[in-house]
Amino acid sequence: MPAPALLALQQATRAHQRAHGCNAHTFEDGEGLWQLVAAHQPRRVLELGTGLGYTACLMALASPEAVVDTLEGDAIHAELARDQIAQLGLQQRVRLHEGSFSVTLPALQLQAGSLDLVFFDGNMPAFVLVQRFHSLLAPGGLLVCANLELNGPLGARRAKAELNDTTRWQRLPGLENGLTWVARKQGDAALQHELVRSGP
Ligand SMILES: C[S@@+](CC[C@H](N)C(=O)[O-])C[C@H]1O[C@@H](n2cnc3c(N)ncnc32)[C@H](O)[C@@H]1O
Ligand SMILES: [Zn+2]
């Protein structure tokens, strides 16, 4: 369960979003994200869309061995997030990269298969970005993808088709009442065996 300090950070994000009139809408299913991350214990996490740091800090606290690289393009959000990350004492494990995703993601020079979890919480993800997440994730790694339909159902068609490709992904129960999709990269033979044995 998210700690009180995280709930305060979520409230601060809501207050900031109203005052700033911006797109820093905080993730509305922290409990679900916490449970998913606590169960999976990812070590290498990438987040796109830091806002004020609520979900980056939540994932770091739910998975105590995790290092979270989080990307944010708005300079005001980045500055506020740095403060929040420091207040929670997480600056060694939550690394904020300021700038557009199109600049900061390539600059990280991540190896294929090097990530355990990707959380996309920016505006609707481009189809090519979803494909890139597949390449960056290790087999069995998780993609948590919010805001798929932010620009309407048509824009999401190709990204959704990609995530429904069962040769590449296994869909898991979503978060935020299904608005946020969760998919596991196919390819972990041992895990697949366990899933078949334990049933749905
Ligand atoms: C929905 S908010 C993130 C909320 C945060 N994850 C939380 O739960 O509190 C999305 C954030 O992504 C940032 N963002 C959106 N598109 C971006 C882009 N192309 N490059 C960098 N940052 C971007 C926005 O500035 C905003 O702060
Ligand atoms: Zn803002």
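The values are calculated or read from the model by the stated rules, or taken from the named source; none is laboratory data. All values derive from a computational prediction rather than experimental measurement. Methodologically, a virtual Cβ is constructed for each residue, glycine included, from the backbone with ideal geometry; neighbour enumeration extends over all protein chains shown. Side chains included, ligands, DNA and RNA excluded: accessible areas come from the protein's heavy atoms. Shrake-Rupley method; radii C 1.70, N 1.55, O 1.52, S 1.80 Å.
For the stretch 49-72, which residues satisfy the criterion of being within 16 Å of ligand 2 (Cβ to nearest atom), assigned to a strand (DSSP E or B) and open to solvent by less than 10 Å² (accessible area, probe 1.4 Å)? Within the stretch 49-72, 70, 71 qualify. Among the conditions (1) within 16 Å of the chain's Cα centre (by Cα); (2) open to solvent by 10 Å² or more (accessible area, probe 1.4 Å), the only one that residue 106 does not satisfy is (1).
Among the residues of the stretch 58-65, is any closer than 28 Å to residue 138 by Cβ, within 12 Å of the chain's Cα centre (by Cα) and touching a residue at least 40 places away in the same chain (Cβ under 8 Å)? Yes - at least one qualifying residue is present in the stretch 58-65.
In the set (1) within 10 Å of ligand 1 (Cβ to nearest atom); (2) touching a strand residue (DSSP E or B) at 6+ places or on another chain (Cβ under 7 Å), the condition left unmet by residue 28 is number (2). Can you tell me how many residues within the stretch 131-173 are assigned to a helix (DSSP H, G or I) and hydrophobic (A, V, I, L, M, F, W, C)? The number of residues fulfilling the criteria is 5.
Hey, among the residues in the stretch 109-158 that are charged (D, E, K, R) and touching a residue at least 60 places away in the same chain (Cβ under 8 Å), which one's least open to solvent (accessible area, probe 1.4 Å)?
Per the stated criteria, the residue is 121.
Within the stretch 11-29, being in a helix (DSSP H, G or I) and open to solvent by less than 20 Å² (accessible area, probe 1.4 Å) holds for one residue alone: 13. For residue 32, the test of being away from ligand 2 (no atom under 16 Å from the Cβ), outside any strand (DSSP E or B) and within 14 Å of the chain's Cα centre (by Cα) is passed.
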